[in-house]
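A.B. asks: I am attaching a structure below and will ask some questions about it afterwards.
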Amino acid sequence: MSNQLILVLNCGSSSLKAALIDHASGELILSCLAEKLTSNDAFVTFKYFEHPHVQPIDRRSWFVGKSDGEKHQIEMGENNDHKSVVQALLDELKAHDLHTMIKAIGHRAVHAGEKYNSSVLVDDNVIAALEECIPLAPLHNPANLIGIRAAQEVFPDLPNVCVFDTAFHQTLPEYAYTYAVPQELYKKYGFRRYGFHGTSFRYVAPTAAELLGKDVNNCSMVIAHLGNGASVCAVKNGQSVDTSMGITPLEGLVMGTRSGDVDASAYPFLAENAGMDIKQVNDLLNKKSGLLGISGLSNDCRTLQEAAAEGHEGAKLALEVMTYRLAKYIAAMSIATGGIDALVFTGGIGENSDLVRSKTVARLRSMGLEIDEAANQDVRFGKAGFISPKGKTPAVLVVPTNEERMIAIDTARLAKL
Ligand code: ADP
């Protein structure tokens with residue numbers, strides 16, 4: 001090990017992922033996953049990977065000598081917000097004397113408008129830019145800021161780097177990012193499509209190309225990143241040429257709590273008929289809609305799959321609406337690339353839900369897409385591979401995303417390690 005570790009923080013809307021990565025080898029030393037945040041079921045799982053510098057301590061015999069990583073779970077109870085998780089993570093690092101080897105901290109940042117088109121070292125201006133952009137990403141930017149501030153408090157001498165989700169989509173052609181509204185709105189306010197999940201797409205595209213045996217700069221694919229937030233991206237020759245999210249992460253697919261596309265006249269309709277003001281409508285579409293809104297049960301895909309199997313009508317409808325919209329978007333994105341070599345699934349749902357993959361691809365037979373059900377069952381829980389019949393083109397692939405690795409690479413470069 002190089003003694004140069006990078007701590008990567010990825011604060012999502014209801015989850016926080018952290019990774020401690022050895023800069024020289026790219027080796028993952030510790031991962032941390034907090035799920036169901038802001039609910040009473042919230043928990044954090046720490047997973048250590050075998051490493052000579054990770055010193056076991058008596059009360060934590062759970063990770064000693066296991067090359068595949070041992071897990072240690074903490075229920076968060078009432079302290080279930082992002083900040084509490086960051087604190088728990090830092091306590092964990094200190095307990096193993098790992099915090100002294102950390103040389104830089106990389107943060108997944110969601111939205112900076114047109115202020116930054118690539119990763120950047122954090123200073124007061126960057127913090128101010130993230131704050132200014134909270135209206136553009138109301139679920140994510142506050143979580144990112146909590147992560148950055150917590151990191152700055154505990155490691156005041158370390159450089160922090162922001163890696164923006166929007167940066168990968170700066171290659172969108174003008175006709176793909178332009179909204180059909182008066183253009184002074186773009187010129188004055190930057191009102192245009194930005195797209196998100198860019199760090200994930202930037203990692204997944206070359207990995208998928210490698211599996212296909214193709215040069216990423218000479219192939220086309222549609223990538224579906226399906227987590228609590230979800231978007232699709234058309235990638236042609238390694239560049240983003242279109243994507244489903246827009247000026248905010250609300251547009252496009254049906255998500256955990258976000259509606260995705262709705263008629264923009266929903267705003268006056270709901271104001272006039274339901275007496276809602278703009279804040280209430282925004283709250284409704286961002287926090288109470290999507291899988292949660294349709295099912296009336298949960299935003300969590302796993303929970304809905306279980307409920308649907310037991311006959312819950314709302315859960316069944318939520319999964320139908322979600323996969324139908326997804327299939328339509330995948331077909332639309334294949335127009336942006338002029339045909340595809342592969343459809344690639346990633347994100348918590350894309351990597352694990354054979355049901356969502358199977359229901360989606362079943363609607364895409366006219367594109368020549370097909371699933372091999374045995375492979376679909378097999379390629380889950382962190383595995384990468386083909387889930388289409390052998391030799392079939394376009395192929396259907398699963399590639400687990402690794403935004404943390406991508407962020408660590410940018411962080412090391414900007415921190416000049
Ligand atoms: P985030 O956008 O918060 O990072 P993730 O990428 O972690 O989200 O994805 C979370 C989603 O993945 C949740 O809806 C969860 O239910 C779903 N998921 C995780 N494991 C499974 C599984 N085995 N089957 C179905 N869905 C799953």
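The values are calculated or read from the model by the stated rules, or taken from the named source; none is laboratory data. Quick caveat: nothing in here was measured; it's all calculated off a predicted structure. Neighbour counts run over all protein chains shown; Cβ positions are idealised from the backbone, glycine included. SASA here: full protein model, heavy atoms, side chains in, ligands and nucleic acids out. Shrake-Rupley method; radii C 1.70, N 1.55, O 1.52, S 1.80 Å.
A.B. asks: For segment 214-403, what is the relative contact order in percent, using Cα pairs closer than 8 Å and at least 6 residues apart in sequence?
C.D. replies: Computed value for segment 214-403: 21 percent relative contact order.
A.B. asks: Now a separate question. Given a Förster distance of 41 Å, report the FRET efficiency between GLU27 and ALA264 from their Cβ-Cβ distance, rounded to the nearest 0.05.
C.D. replies: After rounding to 0.05, the efficiency reads 0.30.
A.B. asks: Using only C-alpha positions, report the orientation-averaged shadow area of the convex hull of the chain, nm², one decimal.
C.D. replies: Taking a quarter of the hull surface, the average projection is 21.1 nm².
A.B. asks: Which whole-number percent is the relative contact order of the chain (Cα, under 8 Å, 6+ apart)?
C.D. replies: After rounding, I find 14 percent.
A.B. asks: If the reach is capped at under 27 angstrom between alpha carbons, list the lysines near LYS390, excluding any in the same chain fewer than eight residues apart.
C.D. replies: Answer for LYS390, where 27 Å is the Cα cut-off: LYS214, LYS236, LYS328, LYS359, listed by chain and number.
A.B. asks: So which chymotrypsin sites (Phe, Trp or Tyr not before Pro) in segment 169-214 end up in coil per DSSP with only 15 or fewer other C-beta atoms within 10 Å?
C.D. replies: TYR179
A.B. asks: Taking 0.36 nm per intervening residue step and subtracting the Cα-Cα distance, what contour gain separates ASP378 from GLN152 on full extension?
C.D. replies: So the extension gain works out to 77.2 nm.
A.B. asks: Now, a different point. When DSSP beta bridges are limited to those with both residues in the chain, what percentage is antiparallel, rounded to the nearest 5?
C.D. replies: Beta bridges within the chain, antiparallel portion: roughly 70 percent.
A.B. asks: At GLN73 and PHE43, where each label point lies 7 Å from the Cα along Cα→Cβ, what is the point-to-point distance in nanometres?
C.D. replies: Result for the modelled spin labels: 0.2 nm.
A.B. asks: Gaussian network model of the chain, Cα springs within a sub-10 Å range: biggest mean-square fluctuation belongs to which of ASP242, ASP277, ASP261?
C.D. replies: ASP277
A.B. asks: When averaged across all projection directions, what area in nm² does the alpha-carbon convex hull of segment 5-164 cover?
C.D. replies: Over all viewing directions, segment 5-164 projects a mean Cα-hull area of 9.4 nm².
A.B. asks: In sequence order, what are the phi-derived ³J(HN,Hα) couplings for segment 329-345 according to the Karplus relation 6.51 cos²θ - 1.76 cosθ + 1.60 with θ = phi - 60°, rounded to whole Hz, with x for glycine and proline?
C.D. replies: Each residue's phi maps through the Karplus curve to give 5, 4, 4, 4, 5, 5, 6, 4, 8, x, x, 10, 8, 7, 9, 10, 9 Hz.
A.B. asks: Sketch the reach of a paramagnetic label on LEU417 as a point 7 Å from Cα along Cα-to-Cβ, and name the residues of segment 99-120 whose backbone nitrogen lies under 12 Å away.
C.D. replies: 101-107
A.B. asks: To the nearest 10 square angstrom, what accessible area does THR171 show with a 1.4 Å probe?
C.D. replies: Estimated to the nearest 10 Å², THR171 gives 60 Å².
A.B. asks: I've got another one for you. So, in nm, how far is label GLU114 from label ARG365 when the simple model puts each one 7 Å beyond its Cα toward the Cβ?
C.D. replies: Inter-label distance under the simple model: 4.6 nm.
A.B. asks: Would you work out the charge dipole size for segment 148-226 about its Cα centre, treating the Cβ of every Lys and Arg as +1 and the Cβ of every Asp and Glu as -1, and quote it to the nearest 20 debye?
C.D. replies: 280 debye
A.B. asks: Also: How large, in percent, is the carbon and sulfur part of the accessible surface of the chain at a probe radius of 1.4 Å?
C.D. replies: Ligands and nucleic acids excluded, carbon and sulfur reach 50 percent.
A.B. asks: Continuing with this model, one more query. Could you give the nm distance between label points at LYS83 and LYS390, where each point is 7 Å from its Cα heading toward the beta carbon?
C.D. replies: 5.6 nm
A.B. asks: Place a +1 charge on the Cβ of each Lys and Arg in the chain and a -1 charge on the Cβ of each Asp and Glu, then give the dipole magnitude about the Cα centre in debye, rounded to the nearest 20.
C.D. replies: Dipole size: approximately 700 debye.
A.B. asks: A follow-up question, please. Place +1 on the Cβ of every Lys and Arg and -1 on the Cβ of every Asp and Glu in the chain, take the dipole about the Cα centre, and give the residue among VAL361, GLN152, VAL44 whose Cα lies farthest towards its positive end.
C.D. replies: VAL361
A.B. asks: With every protein chain kept in place and ligands, DNA and RNA left out, what is the accessible area per residue of the chain? Probe 1.4 Å, answer in Å².
C.D. replies: In whole numbers, the chain has 44 Å² accessible per residue.
A.B. asks: Pairwise over distinct Cα atoms, reciprocal of the mean inverse distance: report the Kirkwood radius of segment 145-242 in Å, one decimal place.
C.D. replies: 15.6 Å is the Kirkwood radius here.
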